[in-house]
Amino acid sequence: MNSSIIEILTPRYELAWYPWAVQYFFLIAISYSALLLSLPGTIGRGQLAQRWQPMARLALLIALSCTLVAPVALLADLHQPMRFWHFYANATPTSWMSIGSILLPLYLFSVLGYVWLAWRPALQQARRGQGFRAGIARILSAGDWQVSKPLLTASAILASFFAIGIMLYTGAEIAIIKARPLWHTHWLPVMFVTTGMVAAAGLVLVLNRFMSLQRDGRKEINRQGLKVIVVAMLTSSVVAAAWLFSGLSGHSESVAAALESVQANSDWRLSAIWALAAGIILFVFAALALKSRHQTTPLVQWTWLIGLLALHVGWAFRWMVLMEVQTVAKNTAGYYQLVVELGSYGLMGIIGTFGLWLAVLLLIDLFIPWQGQVQPPQRQSIAAEAQHG
Amino acid sequence: MDFARRAILGQIAKLTAGAALVPLASLSFSSSAQASPINSQPARREGDASKRYGMLIDLRQCIGCQACTVSCHIENEAPMGSFRTIVSQYEVSNESTGDIATMVLPRLCNHCENPPCVPVCPVQATFQRKDGIVVVDNEACVGCAYCVQACPYDARFINKETQTADKCTFCAHRLEANLLPACVESCVGGARIIGDMRDPNSQISRMLAEYRSELMVLKPEQGTLPQVYYLGMDERFLSRPQAEPALWDVRDIDGKEIGYEFLDH
């Protein structure tokens, strides 16, 4: 007996997580990825450290600015933001979100400490100068002592340790939700990390175009950024393939749920095609730009557009995962409508987060000599210290 | 595939309904264990441990009049457009004969034996009482909506007035005053039966024993062990039904919403 069913009456459920959540997941992923990108230049030795130091400057700037803004977006996604202290008054070891609420400030302060130590050599130098910036540097450097390499290394390891905690909790928090089969897969946390790396490298390329002073280092940063994008995109595609395979072999309902949504909903279809196209275009262009051995000036000038596309891929993945998945009805037929309203729960929230990030970035740029040396000066290299304005 | 899936789901549903009933007493003891790995059930608190409330919905008696929806709305003052309980309605037509039937399905919180919404709460604002009722302390709730995501039954929502999580409480405040929940009280067909499943003489216990092999629960494959049992249930509606979706709103030619009354309330 074949029958067809029409749903006559059911309430409309609103999406419970706002675009703020996307902003948090996006910024925090860029933050921990940029932190990792800064490591070879700050705690590496010899050739490696020298080659990656220009990248480390940008990566530290990105890590700090995103780490400062991400928790604001997270707070805004609470419907009762003023009650955030309940997280600490009623810590709950069974909840990934509670574990995250304890990890997040630890991560934030460890990043602050690490970046501060990495910037100390430059702050030391700036405090000898005149004017407002020197005054700020005198306050921020807190004394005349020199940072030792082991101390910087220890702070980097501590920050990386908490960064891994953030990767784990942001992924697990979503992936344990059995009620949403699309989220309930081990591959999602991995994908968050790999696409986070894509976005962080993309932001490096963009800032390299607009904020790097050292003209010579630019080409090298671009090459490193493009390499990271290519490798991270390849890894992402392997992860996506593994996810698909786990579904086709019957080990995960996630894939079946995704395919069902793509079949049934035109928004999903469009998003899937868009995501696939953006990913392929990004990979091809990044690989092509990397392959052109003689990087001509125009190409260096335009690499930042590939960076923008990488940022888009990282952001759009989180939009798909966090917002589009919420439109899949759990109990009833069909899909809820994803309406991005103008107000602070919608478009203004998205723009506002980016605006806040830009403001933080500019404030750092204005007051802190982030373009200086990021490793404690060694005796023979003091003479070669980078100049900065 | 659909047919096979349905058949399997139906079997699971019946098995789970049975399984959920048998180890009831042992389950509540094990859930109060102190060791709590991530995402495991925290200890239950408050409520009378000698009781375990559950509901049996006799779909053969339900006429889809929505009296429960309305009385719950009035009793619990949910904001316009949000519901703690509702009766989903479906039109089922036999494609070969053209016969049409109506399926009505009252939905509410299942007060699961293994509620996935409870361990995720980062501030312990939502918890399960010793009598099995899952409640929210809306003075403690931070409105993170994690529980809303974790519930497979869409039984939770963010209350727009309190900006905290809201859900069916089996009208715990009425039960404590020896009154029936508003939905049960107002049900014209007597389709909703609530009671203490630990009392072997309660109506629900007697009906659970009598109809054990016919009872089904929603989404049994989720492992939540729901404690709202359906009698006269059709397997096609256990999970998200393969149906043409309802119209939530009516749009004019420019795509502007014209028919959704409660949109901005």
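Here region A:95-136 is the region considered, the condition is being in contact with a Pro (Cβ under 7 Å, 6 or more places away or on another chain) and small (Gly, Ala, Ser), and the residue that is nearest to A:Ile28 (Cα to Cα) is A:Ser101. A residue that is facing chain A (nearest Cβ under 9 Å) and basic (Lys, Arg) occurs somewhere in region B:100-116.
Here A:Ala383 fulfils each of the conditions (1) in contact with a helix residue (DSSP H, G or I) (Cβ under 8 Å, 6 or more places away or on another chain); (2) at pLDDT below 80; (3) not in a loop (DSSP other than H, G, I, E, B) apart from (1). Residues considered: A:Ala172, A:Ala163. Of these, the only one that is within 14 Å of chain B (Cβ to nearest Cβ) and in a helix (DSSP H, G or I) is A:Ala172.
With respect to the conditions (1) in contact with a helix residue (DSSP H, G or I) (Cβ under 9 Å, 6 or more places away or on another chain); (2) outside any loop (DSSP other than H, G, I, E, B), B:Met80 lacks only one, and its number is (2). For beta carbons closer than 6 Å, sequence separation of 6+ or different chains, a first residue in region A:18-43 that is without any contact (Cβ under 8 Å) to a residue 40 or more places away in the chain and a second that is assigned to a helix (DSSP H, G or I) and surrounded by fewer than 24 Cβ atoms within 10 Å (Cβ to Cβ), the qualifying pairs are A:Pro40/A:Leu48; A:Pro40/A:Trp52.
Could you run through region B:117-131 and say how many residues are part of a helix (DSSP H, G or I) and at the interface with chain A (Cβ under 8 Å from one of its Cβ atoms)?
Let us first name the residues in region B:117-131 that are part of a helix (DSSP H, G or I), namely B:117-120.
From the residues that got through so far, the ones that are at the interface with chain A (Cβ under 8 Å from one of its Cβ atoms) too are B:119-120.
Matching residues across region B:117-131 total 2.
Looking at A:Tyr24, A:Tyr32, which one is among the hydroxyl-bearing types (Ser, Thr, Tyr) and either within 14 Å of another protein chain (Cβ to nearest Cβ) or assigned to a strand (DSSP E or B) (or both)? Only one candidate qualifies: A:Tyr24. The set of residues in region A:264-289 that are within 23 Å of A:Val339 (Cβ to Cβ) and either loosely packed, with under 12 Cβ neighbours inside 10 Å or in contact with a Phe, Trp or Tyr (Cβ under 9 Å, 6 or more places away or on another chain) (or both) comprises A:Ala264, A:Asn265, A:Ser266, A:Asp267, A:Trp268, A:Leu270, A:Ser271, A:Ile273, A:Ala275. When B:Leu225, B:Leu231 are screened for being within 24 Å of B:Val92 (Cα to Cα) and either at pLDDT 90 or above or loosely packed, with under 15 Cβ neighbours inside 10 Å (or both), only B:Leu231 passes. Name the residue that is surrounded by the fewest Cβ atoms within 10 Å (Cβ to Cβ), counting only residues in region B:87-99 that are assigned to a loop (DSSP other than H, G, I, E, B) and more than 7 Å from every other protein chain (Cβ to nearest Cβ). Step by step, filter region B:87-99, then rank; the result is B:Gly98. When region A:86-117 is filtered for residues that are at the interface with chain B (Cβ under 9 Å from one of its Cβ atoms) and among the aromatic types (Phe, Trp, Tyr), the ones remaining, listed by number, are A:Phe87, A:Trp96.
The values are calculated or read from the model by the stated rules, or taken from the named source; none is laboratory data. Model, not experiment: these values are computed from the prediction. Virtual Cβ from ideal backbone geometry, glycine too; neighbours counted across all protein chains shown.
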